[in-house]
């Protein structure tokens, strides 16, 4: 191997990939070639850095320079200035959102300061398509350790003692799940990786598979050894082509090295992994529905028990874990249960990956110790609310979760605290809402998703959610009453109690939590027929301010439905019965004479 | 690709491959290790800075010194090329001029390993502005 003095890491996650990071790699290589630097500078395509807001990212090592929003044509300047002359390209450096000063070293970026990366340890650090880089980072050492030095029971004990809980959302003890699968005797068992990431706004599983696929493969083999399975299946949605591609490469490389297949490390243990594709149905993230989908049946959940640990895939004992859960396993094995359980809160150990989205400055992927507060996540790592607006709420756990308000900002995030606050951890999607978001419309938006994704098997979910959605629609249109609010709440409680699977049982969470935390806003919609956030069109009224109106007629001319009347140089009037609230008049008026109330 | 048939095999492979990631691993905490910057403008390269840089890259590793070696632009001491700047953890950077391979060897053995100064130090004759950290 030639001696490189510098590494250029280019993000190859889906976001940056879509912004031509491939072309950046090509151009950088061409430039280096032209300048005769190919032997001293290496260009590496990596997984997601998590800083998707400002992609594509190029990181220069060893000086930790973090370039953002790089375009393919910037390659020449990076090579000429930074690499040849040693001068950082200031124009491409990340700027602190508050001071506007360029930050030259990524370690000083607020985004990375509070983070602790266990699951994302290799994302943005290694080339995911090269197994050698994973091995250089202690890859497959944990598998070697369990196969040669530990009994399956010992492995399960370590996982149990670590306190790791399932990262797919329910938070069930991983070690306990493995133990249940181990205790069920059978000639064949299965290890399944749930990569059917369906929450809108969640993309951590995709990023792990794209950035560090081997960590999941290694963990699945460890799980196989522990429960006594020799077959692994990864259920992944076909909408994740890049993750699928990298998984295929990773599986092939691991097989070629003999790290998957027969007689691994000469211990007689066999384990192999195959991919199964899903069509992207939300309900297939539920483990029984997922198993049915893999069997070629309709992706519908069934009542538990029997749990998959007793009768799962092809009626054999099956252990299903989420991608993020698996990715932490090799580290737990190598560093020990004690180390892992020293991180986090009393009942939630380790770290959690969150996907930040919505009205937040640093949209992206972060990993923090359990127990970090929402305030730290939103205002320190996330860089605060966009455009200096006011924070209103944060929806955690996707459409199955709840919306937390300002009073929850200092709550340490863990499984139990979020439930106590009326939400859930879920997969870790966080959607930040600001003062312009209407909480009735938001609840309606999330229900729209669950109505569409409901498999229709049980009545509470199929019919109940539809009715909830209709009621919310009526409230948004100003046709609701106080009785309707009670109806919303009662129906939500019934659906929660009676739906068959997790999808239905959690679908009313956004409505319930938003009614709890923003009840005044719901009342305003039904009694005053007003939308305080100014989002529900039917409840808005466009009015002319007589003091400012000079009678220029500009608004009347632009109105598509002729709702504005008035003589030239006289105050105009908007007829609310004709007005369609398109907003054209406000845009046209030069005198700020039209406002919404 | 040859198969990995035992844990010992895997460990051996990891040791072989580790150096490939060295640059990235060291970058995680550069202030805790030795940082060497080699001035590589036209004048520096013409006076042999490239050979000096390769020497540092190779020898620091061979002599088991954890260090980051980077190139930088012209430091302005054109009369003294090749010039390098060495920053030991917790100390101010020191610039050395006329660095040929012999002096490079001295710098590693004396200054970097024991903190003892060697000939060729160029006094700092300027202050720089610090970009906000």
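The values are calculated or read from the model by the stated rules, or taken from the named source; none is laboratory data. Note that this is a predicted model, so its numbers are computed, not measured. Cβ sites come from the backbone with ideal geometry, for glycine too, and all protein chains shown count toward neighbours.
Computed values, structure above
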{"item": "Scan of region A:402-417 for residues that are touching a strand residue (DSSP E or B) at 6+ places or on another chain (Cβ under 6 Å) and either part of a strand (DSSP E or B) or within 18 Å of residue A:512 (Cβ to Cβ) (or both), ordered by number", "result": "A:403, A:404, A:405, A:412"}
{"item": "From the options A:87, A:95, A:29, A:91, residue that is over 24 Å from the mean Cα position of the chain (by Cα) and at the interface with chain B (Cβ under 10 Å from one of its Cβ atoms)", "result": "A:87"}
{"item": "Among residues of region B:72-90, those that are within 12 Å of residue B:33 (Cβ to Cβ), away from chain A (no Cβ under 14 Å) and either touching a strand residue (DSSP E or B) at 6+ places or on another chain (Cβ under 9 Å) or in contact (Cβ under 8 Å) with a residue 60 or more places away in the chain (or both), counted", "result": "3"}
{"item": "Total residues in region A:112-132, condition out of contact with any helix residue (DSSP H, G or I) (no Cβ under 6 Å at 6 or more places or on another chain), surrounded by 23 or more Cβ atoms within 10 Å (Cβ to Cβ) and either in a helix (DSSP H, G or I) or modelled with pLDDT of 95 or more (or both)", "result": "0"}
{"item": "Odd one out for residue B:116 among (1) in contact (Cβ under 8 Å) with a residue 24 or more places away in the chain; (2) part of a loop (DSSP other than H, G, I, E, B); (3) away from every other protein chain (no Cβ under 14 Å)", "result": "(1)"}
{"item": "Tally, over region B:20-61, of residues that are more than 26 Å from residue A:108 (Cα to Cα) and outside any helix (DSSP H, G or I)", "result": "4"}
{"item": "Whichever residue in region A:418-458 is in a helix (DSSP H, G or I) and without any contact (Cβ under 8 Å) to a residue 24 or more places away in the chain and, among such residues, is surrounded by the most Cβ atoms within 10 Å (Cβ to Cβ)", "result": "A:418"}
{"item": "Index of the failed condition, residue A:483 passing every other in (1) under 29 Å from residue A:426 (Cβ atoms); (2) free of Cβ contacts under 8 Å to residues at least 40 places away in the same chain", "result": "(1)"}
{"item": "Residue in region A:229-239 that is modelled with pLDDT of 95 or more, away from chain B (no Cβ under 14 Å) and part of a loop (DSSP other than H, G, I, E, B) present", "result": "yes"}
{"item": "Test: residue in region A:172-191 that is surrounded by 22 or more Cβ atoms within 10 Å (Cβ to Cβ) and part of a loop (DSSP other than H, G, I, E, B)", "result": "yes"}
{"item": "Residues located in region B:39-71, provided they are in contact with a helix residue (DSSP H, G or I) (Cβ under 8 Å, 6 or more places away or on another chain) and either facing chain A (nearest Cβ under 10 Å) or within 13 Å of residue A:86 (Cβ to Cβ) (or both)", "result": "B:39, B:40, B:41, B:56, B:61, B:67, B:68, B:69, B:71"}
{"item": "Some residue of region A:580-593 being crowded, with 17+ Cβ neighbours inside 10 Å and farther than 24 Å from residue A:438 by Cβ", "result": "yes"}
